[in-house]
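What follows is a single structure, written as structure tokens, with notes after it.
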Amino acid sequence: MSGFQVWAQPWWVNLLLLIPFTTYLVFRRQGHLLRWRQLIIIAVFATAFGFAEAAVVVYLRAAVGLLPGNVGSLSDVQHSPQSYEQASSLSQFPQSLLTIEMYREATTMIMLFTVAVMAASKASARWLAFLWVFALWDISYYAGLWATVRWPTSLLDLDVLFLLPVPWIAQVWFPLLVSFLTLLTIIVSNLGKAKTGEIAVTGQKGSGY
């Protein structure tokens with residue numbers, strides 16, 4: 001664990017913090033884009049897929065000998081006296097596995113985008129669906145890692161967020177903050193739209209009397 005670091009690397013990764021705010025500004029005045037049933041179904045998929053992603057990372061660590069205690073029980077892994085440093089593990093990964101990992105990351109994004117496309121028909125609704133499924137997938141991923149191997153040990157642990165086009169390095173709090181703000185933005189927007197719709201319907205009914 002290191003001290004608190006404000007900025008992620010490379011510098012443009014920090015622009016991800018703008019996504020929740022720009023999304024709210026763009027979609028706050030639009031109609032009801034996603035139903036709560038859609039959001040719940042997508043959430044179920046994202047949560048399961050996030051845990052599957054965490055399992056893949058655990059397997060990779062074990063395969064290259066970076067998971068202390070993996071020859072024993074899961075409790076041995078969780079209580080191993082040796083610590084795991086995600087950000088420094090890149091130099092220890094074989095180039096062949098890093099190449100496959102980049103392909104896997106690309107296909108993961110395609111899968112998340114495909115779910116968003118199937119969930120909605122309009123481009124704007126698909127964008128919101130993609131942000132929703134991505135944020136929940138990301139949170140579930142970290143929750144899955146912590147539940148299985150007790151990593152991250154702290155929100156200040158460094159992580160390799162993505163490898164494409166170059167490694168994205170940030171402390172764990174950074175992606176979690178972006179994901180939680182994104183979820184909050186979509187929830188607040190949908191609540192606001194629902195209330196606006198109810199007021200409009202009530203007004204139309206009242207005007208007939």
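Tell me, in nm to one decimal, what length is gained between residue 80 and residue 150 on full extension, where the rule is 0.36 nm per residue of separation less the Cα-Cα distance?
Net length gain for the segment: 24.2 nm.
Length gain on complete extension for the stretch residue 5 to residue 36, per 0.36 nm per residue less the alpha carbon to alpha carbon distance?
Length gained, residue 5 through residue 36: 7.5 nm.
In whole percent, and with a 1.4 Å probe on the protein chains, what portion of the accessible area of region 1-70 is carbon and sulfur?
So the carbon and sulfur contribution to the accessible surface is 69 percent.
Under 5 Å between amide H atoms, partner at least 5 residues away or on a different chain: which partners does residue 169 have, H built in plane at 1.01 Å?
Correct list: 9, 161.
Once R0 is set to 30 Å, what does the formula 1/(1 + (r/R0)^6) return for the Cβ-Cβ distance between residue 56 and residue 18, expressed as a FRET efficiency to the nearest 0.05?
Working from the Cβ atoms, E equals 0.55.
With every protein chain kept in place and ligands, DNA and RNA left out, what is the accessible area per residue of region 131-170? Probe 1.4 Å, answer in Å².
Details: 1460 Å² over 40 residues.
Accessible area per residue: 36 Å².
For a quick check of your reading of the filter: which trypsin sites (Lys or Arg not before Pro) in region 1-57 sit in a DSSP loop and have no more than 15 other Cβ atoms within 10 Å?
Those satisfying the criteria are 28, 29, 35.
The values are calculated or read from the model by the stated rules, or taken from the named source; none is laboratory data. Worth saying up front: this structure is predicted, and the values here are computed from it rather than measured. With ideal geometry, Cβ positions are generated from the backbone for all residues, glycine too; neighbour counts draw on all protein chains shown. The accessibility values were calculated without ligands, DNA or RNA, using every heavy atom of the protein model including side chains. Shrake-Rupley method; radii C 1.70, N 1.55, O 1.52, S 1.80 Å.
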